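The values are calculated or read from the model by the stated rules, or taken from the named source; none is laboratory data. Given the structure is predicted, the values throughout are model-derived calculations rather than measurements. Here Cβ is always computed from backbone atoms with ideal geometry, including for glycine, and neighbour counts include all displayed protein chains. These area figures cover heavy atoms from the full protein model, side chains too; ligands, DNA and RNA do not enter into them. Shrake-Rupley method; radii C 1.70, N 1.55, O 1.52, S 1.80 Å.
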Amino acid sequence: MPDAAAQSAYGLSSVAAQMALALLLLLGVILAAFYVLRRFGPRLGLPLARKNTGLTFEGQLALGPKRSVVLVRFLNKVMVLGVTEQSINLLTEIDDNHDRETDFAAVLEKADPPDSSP
């Protein structure tokens, strides 16, 4: 009988080890998927648990200690803000509802028109 008990105990530890290994493997796959989604999701149009408020930070230029100029995009407008320790002021607002690639191509075409003479 001791042999049967030893065999049963060995079988349980083997099953427990396999279950723990499968759980760790599943946890690794979940973490890898989360990393890939977080890293490449915004590029694919899949924001991760963010509300799309339409307000995005475009850039910042420091002018001195605790003073800077900040570009913020809200829907189709780019706002240039002056930020200091005490206040935030709107410097100017730019309408940005055009397609940059189309505009660049149009400007390039105007700058260098095709020559019709041989």
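Structure values in brief
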item	result
Calculated FRET efficiency for the pair Glu58/Ala32, C-beta based, R₀ 22 Å, to 0.05	0.10
Residue-level accessible surface for Arg38, protein heavy atoms, 1.4 Å, Å²	150 Å²
Difference of contour (0.36 nm per residue) and Cα-Cα distance, Thr84 to Ala17	18.2 nm
